[in-house]
Structures are given as structure tokens and as C-alpha cells.
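Report on the following structure.
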Amino acid sequence: MKIRLRVFSLLLCMSPAPTLAAEVTLNPDADSYVMAYSPTYPRGDWTNVSMGYDRGDVDALVRFDLSPYSDIEVSSAELQVCCFQNWDTPPVDNYLYLTANAWDEATVIWNNKPGYNTADELVFAPPSEDTWLNLDVTEFIEDWIAGTYPNYGFYMTQTTTVSGGFSFYSREWSGSEKPRLVIQYTGGAVETASWGAIKAQDN
């Protein structure tokens, strides 16, 4: 009987603990925007990021550091930016892509801007002023975590040539309305007891 009890105890201790859900909210480690109209001017230290069309294309870049979360299983992920300005008529269709190349917030300009990867695409309507734009980017984050594509951040653009667009607060903004990435995830299961603890129970 004693031996059976020990075996039963061992099986219980080795059973994996339930996987727990968690949430993390990240601010960008880099953001900027580039303008075809002024192709040599960097804007990485500005308090706003813009996208749309203003005498040429205006494209936005936002990147988050995901390296501490390489082993998580993503349940959902949402990119949230706070729009504070619309100008003229914002484009009806705006596009979010995976950025395809590395870029530096301090030096990125239109003339050296990275490309974008259309493997993942999200089409969204322009936000109203003084509202949060919430975009479901679960597939994007899953691809980065899985290593399917390197994480160079999000690329936001549009296809119209009609003047219009919107601006949102950047990571340099002093208030709480900075861009954020909210990830719901689960971690790996762990054992409920070590081998040392199991052996101690036999003494």
C-alpha cells in the first residue's frame, strides 16, 4: 500500500499546472512617419505620427520590442493609437502591414524608408478625432512570435491621392495617450513540484 501511495503522489506532482492567462501592455520602442513631399527630413523625435496624403504619400512606422515574450502563446493582440487630428478628407481605406526591413527612428526618412510585407494585411477606416483607434493585430504578433517574419514593426499607408489623413500621439508625447500594444497570452505549463520535493516526501 505504501508503494502505491508513493506512485500516486508522484503522478500528481508531475501533472502540469493549469496554463494561466495574462495580459501585457507595451509602448513602442520606436515610431516615426515619412513624407514624399519632404523626403529628407526625419521626424522620429516628434510628438505625433501622421499618415495619409499631403502633397504626396505620408506613411507611419511603429515598432514594439517583443523579445521578452518569445515563448508565449498569443490569444489576442490589439494595436491602440490615440487620434487627435484629421485633416481634409481622411482616406477611406487605410492599410496596416508588416514592415519588411530594419529602420532607425532617428534617421528614417522617405528616401531610406523600409518596405512592407503584404503577407499580413489589415484594412481599416480612419478614426474620428479625439478617439482611440483599436486594431486587431493578432496574426501579426503570432507571426513575429513564431519567427515567421522578423519584427521590424508595423507599416501604415494608404493608396489615395486625395489630400487627407490623420495624426496620433507618438511615444515622445508627454501624456498617457502614447501608442500601445495590448497582448492577451498564455505561458507554458510548469511542474507543480521539483524532484527534490518528491524525494523529500519519501523520507
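Details
- Assigned charges on the beta-carbon of Lys, Arg, Asp, Glu; the range 17-189 dipole about Cα centre (debye): 340 debye
- Table column - 3J(HN,Hα) (Hz), the range 149-163, Karplus curve with 6.51, -1.76, 1.60, x for Gly and Pro: 9, x, 8, 10, x, 9, 10, 10, 8, 8, 10, 7, 10, 8, 4
- ³J(HN,Hα) computed for each position of the range 124-140 - Karplus, 6.51 cos²θ - 1.76 cosθ + 1.60, integer Hz, glycine/proline x: 9, 7, x, x, 7, 5, 6, 9, 8, 9, 10, 10, 7, 10, 4, 5, 4
- Sum of side-chain charges, N27 neighbourhood, beta-carbon under 9 Å (Lys, Arg +1; Asp, Glu -1): +2
- Of the trypsin sites (Lys or Arg not before Pro) in the range 17-69, those whose Cβ has at most 13 other Cβ within 10 Å and which sit in DSSP loop: R55
- Counting charges near D45 (Lys, Arg +1; Asp, Glu -1) among other residues having Cβ under 9 Å from its Cβ returns a value of -1.
- Spin-label pair Y37/F124, simplified geometry with 7 Å Cα→Cβ offset, distance in nm: 2.4 nm
- Taking all pairs of distinct alpha-carbon atoms in the range 17-189, Kirkwood radius in angstrom: 16.3 Å
Coordinate-derived values only; no laboratory data. Please read all numbers here as calculations on a predicted model, not as lab measurements. Counting neighbours? That spans all protein chains shown, and the Cβs are built from the backbone with ideal geometry, glycine included.
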